[in-house]
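The values are calculated or read from the model by the stated rules, or taken from the named source; none is laboratory data. Note that the coordinates shown come from a computational prediction; the quantities given were computed from them, not determined experimentally. Please note: Cβ atoms are built from the backbone with ideal geometry, for glycine as well, and neighbour counts cover all protein chains shown. Just the protein is used for accessible areas: all its heavy atoms, side chains included, with ligands, DNA and RNA removed. Shrake-Rupley method; radii C 1.70, N 1.55, O 1.52, S 1.80 Å.
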Amino acid sequence: MSTIEGIQNQTSSDAILDIMYRAIGGYGFERFIVSGLPDPGIDVRPFVLLSGWDDEWYERYTGKGYVHLDPVARHCFSTTLPFDWSDAPYDAENDAPARRVMQEARDFGMDEGFCVPVHMEGGMQGVVSLVGKTDHLDEKDRLELHMLALYAHGRLRYLNSPQERLDGRRGITRREAEILKWAATGKTAAEIADITGLTTRTINQHCENAQKRMGTNNRLHTVVEAIRHKLITL
């Protein structure tokens with residue numbers, strides 16, 4: 001949460017770059033990229049929000065359109081859940097372009113990584129991809145990285161898009177804000193029900209209503225967006 005607060009207070013991508021390097025380093029990651037994912041045939045470079053990649057690899061990947069061949073990027077369109085790069089499916093024998101991308105990435109020391117898909121309104125797709133080993137990560141680490149990635153992507157999108165700033169505040173009710181605030185501290189629906197005197201079913205319904213209002217894809221994404229738009233404070 002302190003890292004998220006630090007990102008929230010920044011007004012430039014360069015400042016967020018430094019925070020991200022420090023944050024992911026604490027989990028054993030070395031490099032990262034935060035980007036949108038364009039439709040087939042579209043240049044990815046205008047969609048890149050922040051790159052912590054090696055410059056040579058970045059130029060090769062973006063210049064050659066590898067985003068449309070990369071199994072990791074492609075898998076983001078079919079899942080909302082974070083995944084290890086090794087879990088991105090592709091046919092290594094018959095998909096030569098994908099095999100080439102993965103091999104060249106390994107040549108740049110990018111053998112393993114952790115990827116967070118970001119689904120946005122209007123069907124737009126984004127990604128936060130971290131470079132490094134993942135076998136040491138536990139469920140808590142993965143949840144924290146998921147929240148960090150969603151928040152960083154949202155903040156960078158806000159800084160890079162005037163329309164995002166205009167449309168940024170989405171209304172939620174006072175009760176929804178209260179429940180999301182408890183959810184942000186890690187409370188389950190049952191625990192929030194005990195605290196508020198409501199039923200678990202009512203807690204879940206309030207979360208679903210807030211999710212619909214904010215155009216998010218799951219409870220964690222809703223919490224992150226509510227924090228980002230200052231609809232709740234921690």
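Summary table below
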item: Qualifying residue in the range 166-175 (condition: modelled with pLDDT of 85 or more and of a type outside the set (D, E, K, R)); result: no
item: Scan of the range 71-97 for residues that are farther than 25 Å from residue 143 by Cβ and either under 23 Å from the mean Cα position of the chain (by Cα) or not small (Gly, Ala, Ser) (or both), ordered by number; result: 90, 91, 93, 94, 95, 97
item: Spans of helices (runs of 4 or more DSSP H) in the range 1-77 with at least 1 residues within 24 Å of residue 221 (Cβ to Cβ), open to solvent by less than 30 Å² (accessible area, probe 1.4 Å) and touching a residue at least 40 places away in the same chain (Cβ under 8 Å); result: 2-8, 13-25, 71-75
